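Notes follow once the structure below has been shown.
The values are calculated or read from the model by the stated rules, or taken from the named source; none is laboratory data. Bear in mind the structure is a predicted one, so any value in this text is a computation, not a measurement. Reconstructed Cβ throughout: ideal geometry from the backbone, glycine too, with neighbour counts over all protein chains shown.
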């Protein structure tokens, strides 16, 4: 139990360092031409790759320091590292690849960028548990200070509140619907700072949501809550996607379609709605089905009197022996 609490503390204390840095670096140029996109363009904003490199560097340094201490847990540590690499790569695809400048031209590309961040990058990052590994990049005294700072007083209380399943689901849902309101979305397209806040909101609210789903309450009850809130998220995001798809007029005047892509503004919006409705909804449902299977397994083990092992946690990877420094 003590080891489990230590894991929780390690995870939260470097949340912003490992997850938030790349998102803060996201920037857009609100003056981008709708018709003059270069299809080989990349986002060369220097802070984006710099912060991605910082995140990867912290994880790698922590991994190298932790490696000799985990013993039999090395195989699991390798698996977690590969999952983290996948999440990191999806962040890079969303923020650095041609998808980023293309999102200023096509609403459908903008939608793909959001879904890559919220449905691919963030669950992989949460699942890989990089925070505890990244903490090992710091000296022992710093690690203790970071843990103490993030788990005491109002900070720890606030984190526990927003990562409760209902709160995390509500926060993420409000963020998605609010930013798709025409007045806010138009403001984000016209102002670089507002656009940065939009992307940061999507990214961080998704992290909170997936943290609650993947790292939430253990056992059958936790899996059941995960299935419920994944299903509810599928319903409301599919509804928003359907509204975009079946609308008879474009919601966002800043997007005028693209002659190069052969799409009118309305067709571009319909494509974006379909992306949110079908592919994104399918990913939510697949993850929900996986959790449902784990839920049934946990119920069966509990009914049989066997102790239920939460597959979402693997303390041996993160917490070496008490004598390790």
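Checked against (1) in contact with a helix residue (DSSP H, G or I) (Cβ under 6 Å, 6 or more places away or on another chain); (2) closer than 20 Å to residue 239 by Cα, residue 207 meets all criteria but (2). The test for being closer than 26 Å to residue 88 by Cβ and assigned to a helix (DSSP H, G or I) holds for residue 172.
Just one of the listed residues (275, 287) is surrounded by 13 or more Cβ atoms within 10 Å (Cβ to Cβ), under 30 Å from residue 60 (Cα atoms), at pLDDT 85 or above and touching a helix residue (DSSP H, G or I) at 6+ places or on another chain (Cβ under 7 Å), namely 287. Can you confirm whether segment 45-63 contains a residue that is assigned to a loop (DSSP other than H, G, I, E, B), at pLDDT below 85 and farther than 21 Å from residue 139 by Cα? Yes: segment 45-63 contains one or more residues that are assigned to a loop (DSSP other than H, G, I, E, B), at pLDDT below 85 and farther than 21 Å from residue 139 by Cα. Only residues that are within 25 Å of residue 174 (Cβ to Cβ) and at pLDDT 85 or above were counted across segment 254-269, and they come to 2. Here residue 224 meets each of (1) modelled with pLDDT of 90 or more; (2) assigned to a helix (DSSP H, G or I); (3) surrounded by fewer than 20 Cβ atoms within 10 Å (Cβ to Cβ) with one exception, condition (1). Check whether at least one residue in segment 193-215 is assigned to a loop (DSSP other than H, G, I, E, B), at pLDDT below 90 and either surrounded by fewer than 15 Cβ atoms within 10 Å (Cβ to Cβ) or under 21 Å from the mean Cα position of the chain (by Cα) (or both), and report yes or no. Yes, segment 193-215 contains at least one residue that is assigned to a loop (DSSP other than H, G, I, E, B), at pLDDT below 90 and either surrounded by fewer than 15 Cβ atoms within 10 Å (Cβ to Cβ) or under 21 Å from the mean Cα position of the chain (by Cα) (or both).
Would it be correct to say that residue 231 is at pLDDT below 95 and crowded, with 20+ Cβ neighbours inside 10 Å? So residue 231 fails the test. When 94, 134 are checked against the criterion of being surrounded by 22 or more Cβ atoms within 10 Å (Cβ to Cβ), without any contact (Cβ under 8 Å) to a residue 40 or more places away in the chain and closer than 25 Å to residue 212 by Cα, a single residue qualifies: 94.
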